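Have a look at the structure below, then the notes.
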Amino acid sequence: KAGVTQTPRYLIKTRGQQVTLSCSPISGHRSVSWYQQTPGQGLQFLFEYFSETQRNKGNFPGRFSGRQFSNSRSEMNVSTLELGDSALYLCASSGNTGGQETQYFGPGTRLLVL
Amino acid sequence: SQQGEEDPQALSIQEGENATMNCSYKTSINNLQWYRQNSGRGLVHLILIRSNEREKHSGRLRVTLDTSKKSSSLLITASRAADTASYFCATEAYNTDKLIFGTGTRLQVFP
């Protein structure tokens, strides 16, 4: 099975712009989660989608949003970018509904905001 | 913050030695997982231990879980230079795929 893929791998934006990141889960997986990783805050949960519905949300401002499509692919959007949004954004997929499942991570999208 | 703590923050050892990393967390959990990350890349899943388990082995990895102390440890035996990476523990609550990660331990294994 192909792993989790994320596009693009690298991205440079300027403050005030918006960005959309994409994640394709492992075939058959229905749950997709997003995480932000920064040197200062570490790995932080953004949100989780299952069957096109947001199931969980982390403590991030409304500028961060996401969605999931019927084929389980997911996108996250960050509007009005700030310098502090520079981070590695990781997507993970898993197959089950209620935990006890390994989450498989993609390689991440490294976003740099100038 | 719900984030767990890992200890030590950094660890340097020689090849062949054992490496032990500890993780403490704050909330009740469904399971605890350990991940490895090489140089800011994606996370690789190493092992999952359920809340009703106390110890688990996978190859050179040994994980223990003490839910009364809300702590876990990861032991890597006979370490190799290729084990050089950052290691994170992550806890999962019930009925959710949300993972709460620890702060990570940076392991350096010298040949």
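The values are calculated or read from the model by the stated rules, or taken from the named source; none is laboratory data. Please read all numbers here as calculations on a predicted model, not as lab measurements. Glycine gets a Cβ as well: all are built from the backbone with ideal geometry, and neighbour counts include every protein chain shown. Heads up: the accessible areas ignore ligands, DNA and RNA and are worked out on the full protein's heavy atoms, side chains in. Shrake-Rupley method; radii C 1.70, N 1.55, O 1.52, S 1.80 Å.
What to note about this one:
- Whether a residue is within 14 Å of chain A (Cβ to nearest Cβ) and open to solvent by less than 50 Å² (accessible area, probe 1.4 Å) was assessed, and B:ALA85 passes this test.
- Residue satisfying condition, being at the interface with another protein chain (Cβ under 9 Å from one of its Cβ atoms), over 13 Å from the mean Cα position of the chain (by Cα) and either open to solvent by 40 Å² or more (accessible area, probe 1.4 Å) or free of Cβ contacts under 8 Å to residues at least 60 places away in the same chain (or both), within set A:THR80, A:THR102, A:THR14: A:THR102
- Per the listing A:GLY95, A:GLY108, A:GLY58, the residue uniquely small (Gly, Ala, Ser), within 18 Å of B:VAL44 (Cα to Cα) and within 9 Å of chain B (Cβ to nearest Cβ) is A:GLY108.
- With respect to the conditions (1) open to solvent by less than 40 Å² (accessible area, probe 1.4 Å); (2) at pLDDT below 95; (3) part of a strand (DSSP E or B), A:HIS29 lacks only one, and its number is (3).
- B:LEU65 being in contact with an Asp or Glu (Cβ under 7 Å, 6 or more places away or on another chain) and either open to solvent by 60 Å² or more (accessible area, probe 1.4 Å) or hydrophobic (A, V, I, L, M, F, W, C) (or both): yes
- Selected residue (criterion: farthest from the other protein chains (Cβ to nearest Cβ)) from residues of the stretch B:95-111 that are touching a residue at least 60 places away in the same chain (Cβ under 8 Å) and crowded, with 20+ Cβ neighbours inside 10 Å: B:VAL109
Quick grid of which residues meet (1) open to solvent by 20 Å² or more (accessible area, probe 1.4 Å); (2) polar (S, T, N, Q); (3) away from chain A (no Cβ under 14 Å):
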{"site": "B:GLU5", "(1), (2), (3)": "yes, no, no"}
{"site": "B:MET21", "(1), (2), (3)": "no, no, yes"}
{"site": "B:LYS26", "(1), (2), (3)": "yes, no, yes"}
{"site": "B:ILE29", "(1), (2), (3)": "no, no, no"}
{"site": "B:TRP34", "(1), (2), (3)": "no, no, no"}
{"site": "B:ARG41", "(1), (2), (3)": "yes, no, no"}
{"site": "B:ILE47", "(1), (2), (3)": "no, no, no"}
{"site": "B:ALA78", "(1), (2), (3)": "yes, no, yes"}
{"site": "B:ALA93", "(1), (2), (3)": "yes, no, no"}
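- Residue count for the stretch A:37-50, restricted to those that are open to solvent by 50 Å² or more (accessible area, probe 1.4 Å) and more than 9 Å from chain B (Cβ to nearest Cβ): 2
- Yes/no for A:GLY62 being farther than 12 Å from A:TRP34 by Cα and free of Cβ contacts under 8 Å to residues at least 24 places away in the same chain: yes
- Strands (runs of 3 or more DSSP E) wholly inside the stretch B:3-54 that include at least 3 residues being more than 15 Å from B:LEU107 (Cα to Cα): B:31-37, B:43-50
- Qualifying residue in the stretch B:72-92 (condition: in contact (Cβ under 8 Å) with a residue 12 or more places away in the chain and in contact with a Pro (Cβ under 6 Å, 6 or more places away or on another chain)): yes
- In the stretch B:48-83, of all residues being farther than 16 Å from B:ASP7 by Cα and β-branched (Val, Ile, Thr), the one that is modelled with the highest pLDDT corresponds to B:THR77.
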